[in-house]
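Here is the structure we will look at.
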Amino acid sequence: MAIRRALISVSDKTGIVEFSRALAGLGVQIISTGGTSALLEKEGVPVIGISDVTGFPEILDGRVKTLHPAVHSGLLAVRDDEEHQKAMQELGLDYIDLVVVNLYPFAATIAKPDVTYEDAIENIDIGGPTMLRSAAKNHAFVTVVVDAADYANVLEEVKAQGDTTLEMRKRLAAKVFRHTGSYDALISDYLSKLQGDPLPERYTVTYEKVQDLRYGENPHQKAAFYRKPIPTSGNITTAEQLHGKELSYNNINDANAALAIVKEFNEPAVVAVKHMNPCGVGIGANIHEAYQKAYAADPTSIFGGIVAANGTIDADTAKLLGEIFLEIIIAPDFTPEALEILTKKKNIRLLKLGEFQSGAERKQDWIVTSVEGGMVVQESDVHSLSEDNLQVVTDRKPTEDELKQLLFGWKVVKHVKSNAILLAADNMTVGVGAGQMNRVGAARIALEQAGEKSKGAVLASDAFFPMGDTVELAAKYGITAIIQPGGSVKDQESIDAANAAGIAMVFTGVRHFKH
């Protein structure tokens, strides 16, 4: 068979004039609608209006134009079925061999900050998806194109043999159903959230590929990087990579973890992450001071790690960063002098984020985690704690400085894998115990890492103490104040241990498990 008739109707006009002109030059009859038809006529491409095919005008502001038997019979007829052939001949209908359609820009519409409900609904395409699905279902005979990136390959095959190969038609049909499925998922999500139903009986999500990755967590695992169709600023998916080789699967996860921590702070902050756990966090009067604290927190573990800052990297900070091996540096921006210094290191990746929300201004999001055979969905943990939320449960109240360090530690410990214990002093972490099967084990790791720095430091725990042993261990290392959720049936045992050691302890009433 050969491609004789094509129906072309696109919202995104990229490359469509050139593609249509080439098809017309090969003797293909072009049928078109609305704005596409007007554009092709203006550019001198021979075109037949859809109304000339259907014998019916475009009505209802263009809502009804291709929803007609003359269109869908031409798309759905099975060409080697005698009954189908007979019906087409008796009704005077003709086949449509090629469909080129892309849909109303629903994603771009709802991404507008001032979008109205009426405007969003008006940009839900009906005729387009219907034609695409009809053509894709009948891909044994019909070529269907939804992406301008495929124009050249289709044209090459049509020029060579008058038609496309079945292999190409299968590939294009699969792409169509991915496209319409994503389109419908986006509409479903928009309407569900408008109705206050973010966790409906059917949960559909859609993402667009950013890039294929060299491999996954390990070299024997395949992987790719995706982002939401309406990306938000200030995250890894929209970051501008200024320098260095492409990101790996582990780089992306670590960078995301680092960014989540640095977003806890409104004051200048720097975070160093290794294997999705913070190894050093510092806040200061400026980014330079904050980095010095983050580095001093654990000069060993930061090597080969990822550093995130919530302020611009300047030349002085860049000089310090350049003294060690780092995988990635993430920041809202870099000064030209800082870039000149850091780009001398060939492999370091530099990610520019632009401005982002931090502290209590962070927006709630939904986190999707896969399990074998399914997934679980939950709200992101953007809970913020203030001094007013704290309950002092010991005889001694924390000092003003201890209180500041406790709140600092609490912001960071929520991002440490459970069971988690974190020590803080002088606006920096001094010990981190992550991912242990019991809380005493996590505390011992953090305390031993801190060593002499534990004297006078504060301790933060992501969940309550099931007994008093963690407090007793902390007292031996000179911890002066503790922040923990409380809520254990043995809370009094921990309170008694703290009172005996002269440790101030506060309860938050909130836990931060991180698995």
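The values are calculated or read from the model by the stated rules, or taken from the named source; none is laboratory data. Predicted, not measured: the structure shown is a model, and the values here were computed from it. Here the Cβ is made from the backbone with ideal geometry for all residues, glycine too, and neighbour counts use every protein chain on show. Protein only, heavy atoms only, side chains kept; ligands, DNA and RNA dropped before computing areas. Shrake-Rupley method; radii C 1.70, N 1.55, O 1.52, S 1.80 Å.
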Q. Long-range amide H contacts for residue 462: which residues qualify at under 5 Å (H placed 1.01 Å from N, peptide plane, sequence gap of 5 or more or a different chain)?
A. 420
Q) Using θ = phi - 60° and the Karplus form 6.51 cos²θ - 1.76 cosθ + 1.60, what ³J(HN,Hα) does each residue of the range 437-450 get, whole Hz, x for Gly and Pro? A) 6, 9, 6, 5, x, 5, 5, 5, 4, 5, 5, 5, 5, 6
Q.
Using only the alpha-carbon atoms, how far is helix 249-262 inclined from the longest principal axis of the chain? Give it as 0 to 90 degrees, nearest 10.
A. 60 degrees
Q | For the chain, size of Cβ-based charge dipole, Lys and Arg +1, Asp and Glu -1, in debye | A | 1000 debye
Q: Send over a whole-number figure in Å² for the accessible area per residue of the range 234-352, probe 1.4 Å.
A: 38 Å²
Q.
With a 1.4 Å probe and all protein chains kept in place, how much accessible area does residue 356 have, in Å² rounded to the nearest 10?
A. 40 Å²
Q. Can you list residues whose amide H is under 5 Å from residue 277's amide H, if they're 5+ apart or on another chain and H is modeled 1.01 Å from N?
A. none
Q | Accessible area per residue, Å², the range 369-515 with all protein chains present, probe 1.4 Å | A | 46 Å²
Q.
Quick one: 3J(HN,Hα) in Hz for the range 415-430, Karplus 6.51/-1.76/1.60 with θ = phi - 60°, rounded, Gly and Pro as x.
A. 9, 9, 4, 6, 5, 10, 10, 9, 10, 9, 7, 6, 6, 8, 6, 10
Q | Among 273, 415, 377 the positive-end extreme of the charge dipole of the chain (Cβ point charges) | A | 273
**Q.** Pairwise centroid distance, computed over Cα atoms, of the range 316-386 with the range 77-101, Å
**A.** 55 Å
**Q.** Area of residue 289 that stays accessible when all protein chains are in place (1.4 Å probe, Å², to 10)
**A.** 70 Å²
Q | Centroid-to-centroid separation of the range 240-288 and the range 46-70 [C-alpha atoms, Å] | A | 55 Å
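What is the dipole size for the range 234-352, taken about its Cα centre, with +1 at each Lys and Arg Cβ and -1 at each Asp and Glu Cβ, in debye to the nearest 20?
Computed charge dipole of the range 234-352: roughly 320 debye.
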Q: Take the alpha-carbon centre of the range 5-25, take the same for the range 179-201, and report the distance between them in whole Å.
A: 31 Å
Q. Toward the positive end of the charge dipole of the chain, about the Cα centre and with charges on Cβ (Lys, Arg +1; Asp, Glu -1), which of 331, 391, 68 goes farthest?
A. 331
**Q.** Rounded if a/c under 1.5, otherwise prolate or oblate - the range 388-507, Cα gyration tensor axes
**A.** rounded
(Q) So with the 1.4 Å probe, I'd like the accessible area per residue for the range 5-195, rounded to whole Å². (A) 49 Å²
Q: Give the angle, between 0 and 90 degrees and rounded to the nearest 10, that separates the Cα long axis of helix 16-25 from the longest principal axis of the Cα atoms of the chain.
A: 30 degrees
(Q) For a quick check of understanding: with a 1.4 angstrom probe and all protein chains in place, what accessible area in square angstrom does residue 205 have, to the nearest ten? (A) 70 Å²
Q | Flagged links, alpha-carbon separation over 20 Å, of 293/514; 293/404; 137/193; 404/455; 65/175 | A | 293/514; 137/193; 65/175
Q) How much mean residue ellipticity at 222 nm does the chain get from its helices, if each DSSP H run of length 4 or more adds -39500 (n - 2.57) and you divide by all residues, to the nearest 500 deg cm²/dmol? A) -11000 deg cm²/dmol
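With the Cα gyration tensor of the range 409-479 giving a ≥ b ≥ c as the square roots of its eigenvalues, does the rule (a/c under 1.5 for rounded; else a/b larger than b/c for prolate; else oblate) give rounded, prolate or oblate?
It comes out oblate by the Cα gyration axes.
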Q) By DSSP, what percent of the beta bridges with both residues in the chain are antiparallel, rounded to the nearest 5? A) 55 percent
Q: Find out how many positive minus negative residues lie around residue 367, taking Lys and Arg as positive, Asp and Glu as negative, among other residues whose Cβ is under 10 Å from that of residue 367.
A: -3
Q | Amide H partners (placed H, <5 Å) of residue 334, local residues excluded | A | 313
Q: Determine, for each peptide in 366-379, 264-277, 208-221, the mean count of other beta carbons within 10 angstrom over its residues, then list the peptides with the highest first.
A: 264-277, 208-221, 366-379
Q | Calculated percent of Cα pairs over 39 Å apart (choose from (1) 16; (2) 22; (3) 44), label | A | (3)
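When the accessible area of the chain is split by element with a 1.4 Å probe, what percent falls to carbon and sulfur?
About 50 percent, which is the carbon plus sulfur part of the accessible surface.
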Q) Assigning unit charges at the beta carbon (Lys, Arg +1; Asp, Glu -1) and nothing else, what dipole magnitude in debye, to the nearest 20, does the range 115-212 show about its Cα centre? A) 440 debye
**Q.** Cα shape, the range 234-352, gyration tensor, a/c 1.5 rule
**A.** rounded
Q. Relative to the longest principal Cα axis of the chain, at what angle does helix 400-413 sit, 0 to 90 degrees, rounded to 10?
A. 40 degrees
**Q.** Relative contact order of the chain, defined on C-alpha pairs under 8 angstrom at six or more residues apart (%)
**A.** 8 percent
